[in-house]
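Read-outs throughout are calculated quantities, based only on the coordinates presented, and are distinct from any laboratory measurement. These numbers were taken from a predicted model, which means no experiment stands behind them. With ideal geometry, Cβ positions are generated from the backbone for all residues, glycine too; neighbour counts draw on all protein chains shown.
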Amino acid sequence: MGPEQASRLQAQYARRAGPIGLTVEELDFENFPAKNGFPGIPVKAWIRFPNCAELVDGEVYAWTAKAVEVTWKDGPVTYRTWVWSSAVTPAGKE
């Protein structure tokens with residue numbers, strides 16, 4: 001197994017632990033209320049896991065002045081994870 005394969009395998013196992021999103025304290029909805037919009041906005045987003053980060057294809061339906069909630073799929077599982085706005089780029093703009 002080469003280093004690239006090992007790196008991919010490590011990332012795959014790290015993802016199984018689940019994504020690390022922002023905390024309630026970081027989101028501070030009292031001072032930064034969430035807004036919702038439909039349809040979802042296609043994005044590329046950096047999602048953090050315990051030992052790695054991965055750029056995923058997702059959609060945004062909710063956001064605040066400083067964070068966005070990214071909805072994305074990993075195989076059959078759909079996740080929703082809050083990340084800082086700077087971790088997200090509109091799809092096609094990356």
For Ala34 and Glu4, what does the FRET efficiency come to when R0 = 30 Å and r is the distance between their Cβ atoms, rounded to the nearest 0.05?
0.15
Once you put a point 7 Å from the Cα of Ile20 and another 7 Å from the Cα of Thr89, both along the Cβ direction, what distance in nm separates them?
2.3 nm
Integer Hz, Karplus 6.51/-1.76/1.60 couplings in order for the range 18-27, x for Gly and Pro:
x, x, 9, x, 6, 7, 4, 5, 5, 5
Hand me the GluC sites (Glu not before Pro) from the range 24-70 located in a DSSP loop with no more than 15 other Cβ atoms within 10 Å, in residue order please.
Glu30
Listed by chain and number, the lysines with an alpha carbon less than 17 angstrom from that of Lys66, same-chain partners under 8 positions apart left out, are Lys35, Lys44
I'd like the orientation of helix 3-15 relative to the chain: the angle between its Cα long axis and the longest Cα principal axis, in ° from 0 to 90, rounded to 10.
40 degrees
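Taking trypsin sites (Lys or Arg not before Pro) that fall in a DSSP loop and have at most 11 other Cβ atoms within 10 Å as cut points, what is the longest piece of the chain between them?
Numbers: sites that count: Arg16, Lys93.
Between the exposed loop sites, the longest stretch runs 17-92.
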